[in-house]
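The values are calculated or read from the model by the stated rules, or taken from the named source; none is laboratory data. In this text, all values refer to a predicted model and were calculated from it rather than measured experimentally. Methodologically, a virtual Cβ is constructed for each residue, glycine included, from the backbone with ideal geometry; neighbour enumeration extends over all protein chains shown. Protein only, heavy atoms only, side chains kept; ligands, DNA and RNA dropped before computing areas. Shrake-Rupley method; radii C 1.70, N 1.55, O 1.52, S 1.80 Å.
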Amino acid sequence: GPKVLQIPSHQIIDMGQMVTLNCDPVSNHLYFYWYKQILGQQMEFLVNFYNGKVMEKSKLFKDQFSVERPDGSYFTLKIQPTALEDSAVYFCASSFSANTEVFFGKGTRLTVV
Amino acid sequence: GQQVQQSPASLVLQEGENAELQCNFSTSLNSMQWFYQRPGGSLVSLFYNPSGTKQSGRLTSTTVIKERRSSLHISSSQTTDSGTYLCAMERNSGTYQRFGTGTKLQVVP
């Protein structure tokens, strides 16, 4: 089936540094999402993105977070600066339109030390 | 409050037994999906099931929109079914999926 690719699968970064998580969504999809899951906890929505703009973001989407998809390339989540509590698995997802099946990547495990 | 309630929170089965996992929603929904999360964390989409019944092998999903619930039936469980099962819903006029807290399933030989 359609695949969402996330790069890298693991990332270890020093607190205070910047990190960019990359997502290659399904090719004809128009809606993009980031979710955060702390180990052993619930999957939480961070942000969605359509037509070059953020549609909706949760309280977890702090000011240090930003998303973009320049010129149809990777959909990225940037955290600058990182904090210890940002350690989690970040899942990217995409869908063709609203209220249709959403496809998830395998996640990027981010460890902030 | 929690808009997506899953039950049971955890379940232990003997191999070969059947299981019924439940997902209840506190708001009207437009669509829902069932996922399997491997012990390593990656997600596998099992069903996109906004309404009605869908079957795939030993798995059956039934969503009743007006009753705001969905179920996942696993028949003849196998040890490889062990993991966490998540349901997620997109509510009316929503723009993203909300996840439940999951059912952790362990199938023992």
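Counting only C-alpha contacts under 8 Å and six or more residues apart, can you give the relative contact order of chain B as a whole percent? So the answer I get is 38 percent.
Take the protein assembly as shown with all the other protein chains still there, run a 1.4 Å probe, and you get 48 Å² of accessible area per residue.
Roughly speaking, to the nearest percent, how much of segment B:1-49's 1.4 Å accessible area is carbon and sulfur? Here carbon and sulfur together make up 45 percent of the probe-accessible area. As a ratio to 2.2 N^0.38 Å, the alpha-carbon radius of gyration for the protein assembly as shown is 1.02. With one equal scatterer per alpha carbon and no solvent term, the Debye-computed log10 I(q)/I(0) for segment B:21-109 at 0.25 1/Å reads -1.31. Counting every alpha-carbon pair across segment A:17-113, the share separated by more than 19 Å comes to 35%.
Considering only A:T20, A:T100, A:T76, the mean-square fluctuation computed in a Gaussian network model of chain A, springs between alpha carbons under 10 angstrom, is largest for A:T100. Segment B:74-103 and segment A:1-79 have Cα centres spaced 21 Å apart.
Which Cα, out of B:Q78, B:V4, A:F104, lies furthest along the positive dipole direction of the protein assembly as shown (beta carbon charges, K/R +1, D/E -1)? Among B:Q78, B:V4, A:F104, the one farthest towards the positive end of the dipole of the protein assembly as shown is B:V4.
Counting, for every residue in B:96-102, the Cβ atoms of other protein chains within 10 Å of its Cβ and taking the mean gives 6. Holding the Cα-Cα limit at 25 Å, pick out from A:K3/A:K36; A:K62/A:K106; A:K53/B:K54; A:K57/B:K54 the pairs that are longer than that. Check vs 25 Å cut-off fails for A:K53/B:K54; A:K57/B:K54.
When both bridge partners sit in chain A, DSSP labels roughly 90% of those beta bridges antiparallel.
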